[in-house]
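A short write-up of the structure that comes next.
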């Protein structure tokens, strides 16, 4: 009897100890959990509700007007939204350039460059520099009247250099170039980490077989970096679709609608036109677009075997 009571006491003590440990753990994660529930879960659910309403940010909550699918229907005929989607698709063209350059730089830094740590730092600096600072510098560089780029072109004999950010033709390429410059260093670091996991024996065997550096890059490096490429493709699409800060600082969507993106149009509708419901509906359409692309990318990746 005493033995049974002793075992029960030990079991009870162990349960109390486990309960105390669990409570301690929950208390540690409570601040983050509350923040996640309030600023993420509630915000997402509230934005979904708002997408079916007509409400201005400066009005009180009791003035929210439920409109059903009207916001989504309006998007179908909204030429500004159409231009934003087209521009976003155009900006997707920078992704292959961005990823290929990052892969080449990583390959070079891994084997062919002296002072590797210094070179890595230089490549990574644009990614950690303030977006505002970068945008202001590039805006100054590509100023059509007094910018250093056009001054250099004039000194080389070009009488009418491009208007860059003031031109419907050149505004998108200029911003696309900035996106590449800002991001390629970060992607290079990720590729560099992936390169460390490729067995050196593969390159040694390829060298013995007479494969050139170019052949090793395209036949060994690129296929074995496929998982990293897959991840960076998804990240790039999400960043390009949701990015608005570069557009806001450099062009404000202009000239005309030539640099409007969905991310910038959401910001414009919400905080300049005060149409929170309409902005929320665009945000959910953007979510669907990214989800569709991600699903397609996952399925195409599964079909490949390395």
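How far, in nm, would the chain grow between residue 34 and residue 117 when pulled straight, counting 0.36 nm per residue and subtracting the alpha carbon separation?
Stretched out fully, the residue 34 to residue 117 stretch lengthens by 25.9 nm.
Which peptide among 17-26, 265-274 comes first, and what is the full order, when sorted by highest mean count of other Cβ atoms within 10 Å?
Taking the mean over residues of other Cβ atoms within 10 Å, the ranking is 265-274, 17-26.
Determine, for each peptide in 146-157, 281-292, the mean count of other beta carbons within 10 angstrom over its residues, then list the peptides with the highest first.
281-292, 146-157
Quick one, which of (i) 120; (ii) 271; (iii) 219 is the actual volume of the Cα convex hull per residue in Å³ calculated for this model?
(ii)
As a check on your grasp of the helix formula, calculate [θ] at 222 nm for the chain: sum -39500 (n - 2.57) over DSSP H runs of n ≥ 4, divide by the residue count, round to the nearest 500.
Per the formula, -22500 deg cm²/dmol.
I need 164, 80 ordered by Cβ neighbour count within 10 Å, fewest first.
80, 164
Taking 35 Å as R0, compute the FRET efficiency from the Cβ-Cβ separation of residue 137 and residue 231 and round it to 0.05.
0.75
With a point put 7 Å past each Cα toward its Cβ, work out how far residue 15 is from residue 151 in nm, to one decimal.
Label at residue 15, label at residue 151, 8.0 nm between them.
Calculate the length of the line joining the C-alpha centroid of segment 123-152 to that of segment 236-296, in whole Å.
Segment 123-152 and segment 236-296 have Cα centres separated by 23 Å.
Readers should treat all values here as calculations from the given coordinates under stated rules, not as data from a laboratory. No experiment lies behind these values; they were computed from the predicted model shown. So basically every Cβ, Gly included, is an ideal-geometry build from the backbone, and we count neighbours across all protein chains shown.
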